[in-house]
Amino acid sequence: MNNQRQTTKLLIHSILILALAVWAFVGLKAELAKRNDWPEFRNEPPIVRPLYDDANVISDADLDKVLWKLRPQLRSPQEKINHIDHALRMWSPSASFSDPNCISGLEMLELMLDNRKFRTSYTDQFKPLMYAGEYGVKVRVQEGAGSSSHVDHTIAGLSEIGVPLDYPVVTETGETTVAAILEASLKNFRINQFEYEWSILAFAHYLQPTGGWHSREGEWITFDRMAERIMRQRLVEGVCRGNHRLHSLTMLLRIDENQPLLSTEMRSQIIAHLQNVTERLIQTQQEDGHWDPEWPGDEWDGPQNVEGLPLGIKADRILVTGHTLEWWALAPEELQPPREVVVTAAQWLTQTIDELSPGEVKSYYTFLTHAGRALAMWRGQFPHEVITPEFEL
Amino acid sequence: MTDLLSAILFGLLFVAISYVPLAVSPIWSLATDVTQASAFPLTAGMPETQPSLLTEAVFVKVRSWGGIRALSDLCSLVLIVSCGAIFLAAKSDHQRPMLAMMSTLVFGSLVWVMASILQPAVIGVLCWSLLIWVNTWKKSTWSQPIAVAVIMMVWVNSHPSFSIGLLLLLSQLIGTVIAGINKSKQDHSYHSWWHSVILLEAGFLGFLINPDLMNRFWDGTMLSVIVQRPLILLWQPLVMSSSLGIIMGSSWLFVFGLSRISNAKFHPGFLTTWLILSVGVCVTQDLLIWYLPLTIVLIQPLLADVIPKWDSQAGSKPLKTAEELTASDFRYTWISLLIIWLAFVFSPVSRHVIGGKPRPIEQVISQSLPLGVAKHLRKSPPPGQIFHSVEWGDWLNYSMTGKHRLFVSQHSLPSTPPLVMIDYREALARGDAWETVFDRYRFSTAVLSVENQADLVKALRESENWTETFEDEQGIVFHLSSLVKKSEPTQESSDE
């Protein structure tokens, strides 16, 4: 009798504990599901085209000269991936050149995305550029010549030139697609991370309209919050004297015109921010048209704290002026300075590029690609649309 | 006589604890007047976890009634009641009040020594002490599971440490099962294994009475422990050479030594929890506040075995029967009550009943709080984001008026992205990493502790971009030099 009572007790309590365990398991599953609200991807990113075509900014002949000078003569083995990455963004996969020293757009794309091609140029002493990470394919960053220069620079570049997400990617562990790079970027993204401007650019291009998602830190991420993050820091901070952040904000505005990304309030805030930047640029433009690294002038918390580039002041000026013209070429009318500001800057840039030695072109190549792309866009075209297959001077 | 001596000691403990100054952390509840996201912009977008709703409601109510002094008194009373619960738990094993009182005094004096550490979890400590006490009830009646359920219900709504209570209940069960298997030895469990199951179920039931149900466990405990807590709660591993390390090391040696010389046995449930907490303390010394009261109760059977019965004259004459005691008079009871009343009168708590001059606020509040710094910032509120010690965030938020952008506080910790805390640590580490972090968050003011952040203080002093505008014994305020030049404030100090 006593034994039977004990067994009944045991049974009742076992059932209770089992019920609690099931409840706990269901709760955990629901909790995890809540944290897996990642946005959906869209295969074809939008191409954000330049808005202006002004021959006063640069003539056809000058543009040809600039683009010829900046053709991707990157066929040498173990060329810096950083250069290939930038050249691909400037020239896009459809560019090809008659110059045998030049590498075509498609070759650049394959070098970046196919580890077998990568290995033909980079010996085993280089770690692969693309590798399988926890959440997808990761791009190696700042680990020497065989790696990219900035977090998510590669995926952002691919998004801007319209590479679809189902484009194949080959790593040492097998074949996947560009979507795996985006997935890794998305799942590793944190709002306070050191470099974020390219991540945001890639998300704006590749994500389906979304109200937001939870990061792995549990933070609710929206494009409004990302825009806020970009505008939080001092203007000159960030790579290329803060210009990539301005570029990302401009792209958010442009993409938002066709696909809602931002709230009305945030859109107004971004416009006000960029108008303020334009005002500053008008004030700080030098007589000959260029800008110096301290281009924003004083902010409420004082003057900019700028250290010069190791490449010298000329490089710094090309960097700032080229990048500025690039985002202006994509920015809506309300963010534009008087056109003579653009014309003077473009003329200085064209002349300066023309005077560069081949060695300087090689050294400055990354930011020269921005300058070249900017000048082409002021003629309403991307560089690969300006040139023909037989492109030469 | 020993009862009287115990009452005197308890009275002394009462007075001593009531004078413990209010430390930083309980004041987080003062910050609830201010919208968190507006004062701590870095928490925007993070889920707002509120595992301390009940505590906050009580603290805010008490504060609105009697200000910070009343809040300080409440914290003291809560600690005194915790001591009382530990005393009862300790006494339950041997019915020797003097031994139990001496043990409670050790706990109480450690409360005194570590007041600033104990304070954040003051309600949690109370629940923990009560739960330990309830677990020592030897009669397996229904009042015990009801008490466990009520304690767990209060705990889960008062402080995120509630999972330690569940751990104790689970350990009790494991302990009784192990003791049941090992039947050759005497069973030292307080109750049978199935009663332990009932207690565990009652604990779970109490735990489930919260607005988030199971999510409170997953969200507030498991996931944050695994994913975030080590980062955001600034877990400090135990350093054996520190004072806490010495306390821990001594306690381990003491418990080990005691177990060798005593013939008595530990209660298996308490021993299991104690072992888990011992490991836990090595990972994060914050667990010490849960470890200490349990240790006090754990060692009672062994202490009773090895310490002579000085509080009993059993050998010389027979003990009085209960009838004899109650039939005689209530002398001891009245004298004990008088002692407790005297302790109450001499404690600041009595002001609310019998009136009297309130203590100066400087005595009520711990000197670890940045009073001078807060006063300075209130006088000239800095624009932009402020970098400050996490421990000071709530006090600054409470003290400063108007709009301000603070960094992280104890109150905002659970809603702070882990990366922000990594950056915080990075900034405080030796080297020049602080510059990158300061740029990233655009700090224009830095409020630093003279004692705890000496490296960063030195770095900012050496930097041309930063200018010191205030210094006292606790803290230093730096502003961006460009801002100082703009407003040209004069250097001041608390002495001026």
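Inspect the range A:23-43 for any residue being away from chain B (no Cβ under 14 Å), open to solvent by less than 20 Å² (accessible area, probe 1.4 Å) and under 20 Å from the mean Cα position of the chain (by Cα) and give the result as yes or no. Yes, the range A:23-43 has at least one match.
Results for (1) modelled with pLDDT under 85; (2) more than 10 Å from chain A (Cβ to nearest Cβ); (3) crowded, with 19+ Cβ neighbours inside 10 Å, shown as yes or no for each residue.
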{"site": "B:Ser171", "(1), (2), (3)": "no, yes, yes"}
{"site": "B:Val177", "(1), (2), (3)": "yes, yes, no"}
{"site": "B:Trp193", "(1), (2), (3)": "yes, no, yes"}
{"site": "B:Leu200", "(1), (2), (3)": "no, no, yes"}
{"site": "B:Val227", "(1), (2), (3)": "yes, no, no"}
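In the range B:377-392, the residues that are in the same structural domain as B:Arg405 (by TED's automatic domain parsing) and among the aromatic types (Phe, Trp, Tyr) reach residues that are assigned to a strand (DSSP E or B) and open to solvent by less than 50 Å² (accessible area, probe 1.4 Å) with C-beta atoms within less than 6 angstrom, at least six apart or across chains, in these pairs: B:Phe387/B:Phe443; B:Phe387/B:Ala446. One residue stands out in the range B:398-434 among those that are free of Cβ contacts under 8 Å to residues at least 24 places away in the same chain and more than 14 Å from B:Gln385 (Cβ to Cβ): the one that is nearest to the other protein chains (Cβ to nearest Cβ), namely B:Leu419. Among the numbered conditions (1) open to solvent by 70 Å² or more (accessible area, probe 1.4 Å); (2) away from chain B (no Cβ under 14 Å); (3) touching a residue at least 24 places away in the same chain (Cβ under 8 Å), the only one that A:His290 does not meet is (1). Among the candidates B:Val78, B:Val111, the residue that is modelled with pLDDT under 85 and closer than 29 Å to B:Ser243 by Cβ is uniquely B:Val111. For the residues A:Arg241, A:Arg225, A:Arg232, the requirement of being within 14 Å of another protein chain (Cβ to nearest Cβ) and more than 29 Å from B:Pro418 (Cβ to Cβ) singles out A:Arg241. Screening A:Leu201, A:Leu129 for residues that are open to solvent by less than 20 Å² (accessible area, probe 1.4 Å) and over 27 Å from A:Glu257 (Cβ atoms) leaves exactly one candidate, A:Leu129. For the range A:138-192, residues that are assigned to a strand (DSSP E or B), open to solvent by 10 Å² or more (accessible area, probe 1.4 Å) and small (Gly, Ala, Ser) total 1.
Please work out if A:Leu253 is among the hydrophobic types (A, V, I, L, M, F, W, C), buried (at least 18 other Cβ atoms within 10 Å of the Cβ), closer than 28 Å to A:Thr369 by Cα and out of contact with any strand residue (DSSP E or B) (no Cβ under 9 Å at 6 or more places or on another chain). So A:Leu253 fits the description; yes. Being under 28 Å from A:Ala179 (Cβ atoms), part of a helix (DSSP H, G or I) and more than 14 Å from every other protein chain (Cβ to nearest Cβ) is a condition met by no residue of the range A:55-67. Does A:Trp220 fit the bill of being in contact with a His (Cβ under 8 Å, 6 or more places away or on another chain), more than 11 Å from chain B (Cβ to nearest Cβ) and either among the aromatic types (Phe, Trp, Tyr) or open to solvent by 10 Å² or more (accessible area, probe 1.4 Å) (or both)? Against the criterion (in contact with a His (Cβ under 8 Å, 6 or more places away or on another chain), more than 11 Å from chain B (Cβ to nearest Cβ) and either among the aromatic types (Phe, Trp, Tyr) or open to solvent by 10 Å² or more (accessible area, probe 1.4 Å) (or both)), A:Trp220 does not qualify.
Suppose we keep only residues that are out of contact with any helix residue (DSSP H, G or I) (no Cβ under 6 Å at 6 or more places or on another chain) and not in a helix (DSSP H, G or I) within the range A:340-372. Which one would you say is most open to solvent (accessible area, probe 1.4 Å)? Only one residue tops the list, namely A:Glu355.
In the range B:339-356, of all residues being within 15 Å of B:Tyr19 (Cα to Cα) and without any contact (Cβ under 8 Å) to a residue 60 or more places away in the chain, the one that is least open to solvent (accessible area, probe 1.4 Å) corresponds to B:Ser350.
Condition check ((1) in a loop (DSSP other than H, G, I, E, B); (2) of a type outside the set (D, E, K, R); (3) touching a helix residue (DSSP H, G or I) at 6+ places or on another chain (Cβ under 8 Å); (4) modelled with pLDDT of 85 or more) across all residues:
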site	(1), (2), (3), (4)
B:Trp274	no, yes, yes, yes
B:Leu287	no, yes, yes, no
B:Arg351	no, no, yes, no
B:Glu362	no, no, yes, no
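Yes/no matrix, rows are residues, columns are (1) in a helix (DSSP H, G or I); (2) of a type in the set (Gly, Ala, Ser):
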| position | (1), (2) |
| --- | --- |
| A:Arg245 | yes, no |
| A:Ser248 | yes, yes |
| A:Thr278 | yes, no |
| A:His290 | no, no |
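Restricting the range B:426-437 to residues that are out of contact with any helix residue (DSSP H, G or I) (no Cβ under 7 Å at 6 or more places or on another chain) and assigned to a helix (DSSP H, G or I), the residue that is nearest to B:Glu462 (Cα to Cα) is B:Glu435.
Which one of these is buried (at least 22 other Cβ atoms within 10 Å of the Cβ), modelled with pLDDT of 90 or more and out of contact with any Cys (no Cβ under 6 Å at 6 or more places or on another chain): B:Pro301, B:Pro293?
Exactly one of B:Pro301, B:Pro293 is buried (at least 22 other Cβ atoms within 10 Å of the Cβ), modelled with pLDDT of 90 or more and out of contact with any Cys (no Cβ under 6 Å at 6 or more places or on another chain), namely B:Pro293.
Among the criteria (1) open to solvent by less than 60 Å² (accessible area, probe 1.4 Å); (2) touching a residue at least 24 places away in the same chain (Cβ under 8 Å); (3) of a type in the set (S, T, N, Q), the one A:Ser104 does not fulfil is (2). Considering B:Asp219, B:Asp187, the condition of being under 30 Å from A:Leu28 (Cα atoms) and at pLDDT below 90 is satisfied by B:Asp219 alone. Restricting attention to the range B:401-425, the residues that are modelled with pLDDT under 90, surrounded by 20 or more Cβ atoms within 10 Å (Cβ to Cβ) and not in a helix (DSSP H, G or I) total 8.
Consider the range B:456-482 and keep the residues that are open to solvent by less than 10 Å² (accessible area, probe 1.4 Å) and within 16 Å of B:Tyr441 (Cβ to Cβ). The one that is farthest from the other protein chains (Cβ to nearest Cβ) is B:Leu456.
The values are calculated or read from the model by the stated rules, or taken from the named source; none is laboratory data. All figures in this text were calculated on a predicted structure; none of them were measured in a lab. Heads up, the Cβs are rebuilt from the backbone with ideal geometry, glycines too, and the neighbour counts pull from every protein chain shown. Side chains included, ligands, DNA and RNA excluded: accessible areas come from the protein's heavy atoms. Shrake-Rupley method; radii C 1.70, N 1.55, O 1.52, S 1.80 Å.
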